[in-house]
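Written out below as structure tokens is the structure these notes cover.
The values are calculated or read from the model by the stated rules, or taken from the named source; none is laboratory data. Computed from a predicted structure; not experimentally measured. Every residue, glycine among them, receives a Cβ derived from its backbone with ideal geometry; neighbour counts consider all protein chains shown. Side chains included, ligands, DNA and RNA excluded: accessible areas come from the protein's heavy atoms. Shrake-Rupley method; radii C 1.70, N 1.55, O 1.52, S 1.80 Å.
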Amino acid sequence: MKQILSFILNGSPVDVIVTPTETLLDVLREKLGVTGPKRGCDDGDCGTCTVLLDGEPVRSCLTIALTVAGREVLTVEGLSTDGDLHPLQKAFHEHGAFQCGFCTPGMLMSAKALLDHNPTPSRTEIREYMSGNLCRCGSYEEIIEAIQVVAAGEYAPSGGKE
Amino acid sequence: MKKKGVGMACVLHPTGNKGAGDPSNAAIQLKPDGTLVLLVGAVDLGQGSTTILRQFAADLMEVPIEHVFASNFADDFAPLSLGSFASRVTLIDPHAVENAAEDLKKKIREYASDLLEAHPDDLEYKEGKVFVKGAPDRSMTLAEVGGASMFGGGADPALLVGTGAWQPARFHPHDPETGAMPAVGAISFGACVAEVEVDTETGMVDVTKLTQVWEVGKAVNPLLVRQQINGGLHPGLGTTLTENSYPYYPNPDWAPENFSDYALPTFLDYPEETLWGIEEVPHPAGVKGAKGFSEGSTNGPPPAIMAAIHDAIGIWIDEYPATPEVILRALEAKEASG
Ligand code: FES
Ligand code: FES
């Protein structure tokens, strides 16, 4: 049976009609036109569909849409503020942390969650935390570097490289 | 017990096929505002081919790169490129872009000759301007030429498009005296050193450190070269240790269906330490000495890792991937044979 699902998407309230079996990824991509989260496998393996649910990274392909009722969902579309890229986005860009970019929305959301929890992760902690996100273009080394420079404050809003 | 080993491999990576023909075409159009549209058929899958071809066009037309537009969706209507594969674009497409730039400069001189009242041969093109030799005051900017060619203004309107095509000289039979047989346009050279730890109880191979150095002619865009070196490591590692379609291959009915069946390397499978290096020896066949190498960066890690496994446990593993099962069976067989 169809139901109305209400939640906060990238800071704004949304209402959308969903069925009980639809996933958050289905609803974001097919019903709300939010295509940042990618469908890499639809199986929970690749991490390209990662979004933050109340600040925690979840696989939107494994999340039943109705479970996010009343909660906050952040996708890559909500990362930049007023057209100003998030420090992680700037660092990914300048350090070449992607090739095709398909994994990038998921990588950015996982990286944000990592730094929110642990602002100065070690290289090992980055590798462990990010290991649920796959990149077929093999940009891992550049992604680690980008996360490290953000952790070091290089792209901080004040003083750092803009 | 964990056993350590080191192995290395060298790679010669050929690009630019001389046998079957390996052509690319390009066009550069002057727009009324003086900017340029670069049309190339090479599709950028993320490796940066559009970026470097824009760099070449800007460099050859002596304008800022921001003045050169190129679409990655142009392959339906752009002049054809054989494709962005086999590391061929960096060697071949810049020649087509170079020829298109020369052609456009010639057309700009011809078009401006009426307006500047001088013979085309007496005009020179430099840094986005065409001017009378010896009288640099009598000049037009690209925007002035572009605007005039679109809207008229002393001369008939014209569409100014430079076109270019190129492919490596076709293959010729080998020289019986010297044995020389130039089958490819250029060869790039790479070296890879891998350090591993093999767990003899679980059969797991951990690549702890991996270094790749590539000689690329000219690193047109060092950031992109680095991405290609480190990116090639991904399928290289996967081929060697995890990516497996056995026992189903080649039956497509049993193809792996997800990333659990077909394991791609994760952040944790990447070496704790990954080092990379670029060497530049300008290649005579490339524009500005550039040649392709990227695919070769996948080819170094597999033999280097296998050699490191041999160094660690004294066994040459002769099947890919060297999964824990393969390693454990090899260790058992070695023990059984005394
Ligand atoms: S699409 Fe959700 S994990 Fe791959
Ligand atoms: S950049 Fe292509 S999959 Fe990560």
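Tell me yes or no: at least one residue of segment B:162-172 is closer than 23 Å to B:E66 by Cβ, touching an Asp or Glu at 6+ places or on another chain (Cβ under 8 Å) and either open to solvent by less than 40 Å² (accessible area, probe 1.4 Å) or β-branched (V, I, T) (or both). Walk me through how you get there before you give the answer.
Keep residues of segment B:162-172 that are closer than 23 Å to B:E66 by Cβ, which gives B:162, B:164.
Subset that is touching an Asp or Glu at 6+ places or on another chain (Cβ under 8 Å): B:162, B:164.
Remaining after also requiring either open to solvent by less than 40 Å² (accessible area, probe 1.4 Å) or β-branched (V, I, T) (or both): B:162, B:164.
Looking for residues that are closer than 23 Å to B:E66 by Cβ, touching an Asp or Glu at 6+ places or on another chain (Cβ under 8 Å) and either open to solvent by less than 40 Å² (accessible area, probe 1.4 Å) or β-branched (V, I, T) (or both), one finds at least one in segment B:162-172, hence yes.
Of the numbered criteria (1) aliphatic (A, V, I, L, M); (2) part of a loop (DSSP other than H, G, I, E, B); (3) open to solvent by less than 40 Å² (accessible area, probe 1.4 Å); (4) away from every other protein chain (no Cβ under 13 Å), the one B:M181 fails is (3). For segment B:72-85, a tally of residues being within 18 Å of the chain's Cα centre (by Cα) and open to solvent by 40 Å² or more (accessible area, probe 1.4 Å) returns 5.
In the set (1) in a loop (DSSP other than H, G, I, E, B); (2) of a type in the set (S, T, Y); (3) in contact with a Pro (Cβ under 6 Å, 6 or more places away or on another chain), the condition left unmet by B:T298 is number (1). Out of all the residues in segment B:30-43, is one or more closer than 21 Å to A:G96 by Cβ and in contact with a Leu (Cβ under 9 Å, 6 or more places away or on another chain)? Scanning segment B:30-43 turns up at least one residue that is closer than 21 Å to A:G96 by Cβ and in contact with a Leu (Cβ under 9 Å, 6 or more places away or on another chain). Kindly indicate which of A:G70, A:G96 is open to solvent by less than 10 Å² (accessible area, probe 1.4 Å) and more than 15 Å from ligand 1 (Cβ to nearest atom). Sole residue among the options that is open to solvent by less than 10 Å² (accessible area, probe 1.4 Å) and more than 15 Å from ligand 1 (Cβ to nearest atom): A:G96. Of all residue pairs spaced 6 or more apart or on separate chains, those with beta-carbon atoms under 8 Å, a first member in segment A:31-51 that is more than 10 Å from A:C103 (Cβ to Cβ) and more than 9 Å from every other protein chain (Cβ to nearest Cβ) and a second member that is among the polar types (S, T, N, Q) and within 13 Å of ligand 2 (Cβ to nearest atom) are A:P37/A:T48; A:P37/A:T50; A:R39/A:T48. Can B:P303 be described as open to solvent by 10 Å² or more (accessible area, probe 1.4 Å), within 30 Å of B:L53 (Cβ to Cβ) and either touching a helix residue (DSSP H, G or I) at 6+ places or on another chain (Cβ under 8 Å) or more than 16 Å from ligand 2 (Cβ to nearest atom) (or both)? No: the conditions fail for B:P303.
Among the conditions (1) of a type outside the set (S, T, Y); (2) at pLDDT below 95; (3) not in a helix (DSSP H, G or I), the only one that B:M150 does not satisfy is (3). Restricting attention to segment B:86-125, the residues that are closer than 19 Å to B:K18 by Cβ and either open to solvent by less than 30 Å² (accessible area, probe 1.4 Å) or small (G, A, S) (or both) total 10.
Scanning segment B:258-299 for residues that are within 16 Å of ligand 1 (Cβ to nearest atom) and open to solvent by 10 Å² or more (accessible area, probe 1.4 Å) turns up B:N258, B:F259, B:S260, B:D261, B:Y262, B:A263, B:L264, B:T266. Selection of segment A:116-130 for residues being open to solvent by 30 Å² or more (accessible area, probe 1.4 Å) and either more than 10 Å from chain B (Cβ to nearest Cβ) or within 15 Å of ligand 1 (Cβ to nearest atom) (or both) yields A:D116, A:H117, A:N118, A:P119, A:T120, A:S122, A:E125. Scan the strands (runs of 3 or more DSSP E) fully inside segment B:1-56 and keep the ones with 3 or more residues being of a type outside the set (A, V, I, L, M). Filter on segment B:1-56 gives B:2-17, B:24-30.
Counting the residues of segment B:272-285 that are modelled with pLDDT of 95 or more and in a loop (DSSP other than H, G, I, E, B) gives 4.
Take the conditions (1) at pLDDT 95 or above; (2) over 16 Å from B:G5 (Cα atoms); (3) touching a helix residue (DSSP H, G or I) at 6+ places or on another chain (Cβ under 8 Å); B:L264 misses just one of them, which is (1).
Report yes if some residue within segment B:239-255 is in contact with a helix residue (DSSP H, G or I) (Cβ under 9 Å, 6 or more places away or on another chain) and open to solvent by less than 10 Å² (accessible area, probe 1.4 Å); otherwise report no. Scanning segment B:239-255 turns up at least one residue that is in contact with a helix residue (DSSP H, G or I) (Cβ under 9 Å, 6 or more places away or on another chain) and open to solvent by less than 10 Å² (accessible area, probe 1.4 Å). Step by step: first the residues of segment B:184-204, then only those that are open to solvent by 20 Å² or more (accessible area, probe 1.4 Å) and either at positive phi or in a strand (DSSP E or B) (or both), then the one that is modelled with the lowest pLDDT. Which residue is that? Among them, the one singled out is B:V184. Applying a threshold of 7 Å to beta carbon distances and a minimum spacing of six or more residues, or different chains, the list of pairs starting in segment A:98-117 at a residue that is modelled with pLDDT under 95 and ending at one that is within 15 Å of ligand 1 (Cβ to nearest atom) is empty. Output yes when any residue across segment A:138-150 is within 12 Å of chain B (Cβ to nearest Cβ), within 16 Å of ligand 1 (Cβ to nearest atom) and surrounded by fewer than 22 Cβ atoms within 10 Å (Cβ to Cβ), and no when none is. Looking for residues that are within 12 Å of chain B (Cβ to nearest Cβ), within 16 Å of ligand 1 (Cβ to nearest atom) and surrounded by fewer than 22 Cβ atoms within 10 Å (Cβ to Cβ), one finds none in segment A:138-150, hence no.
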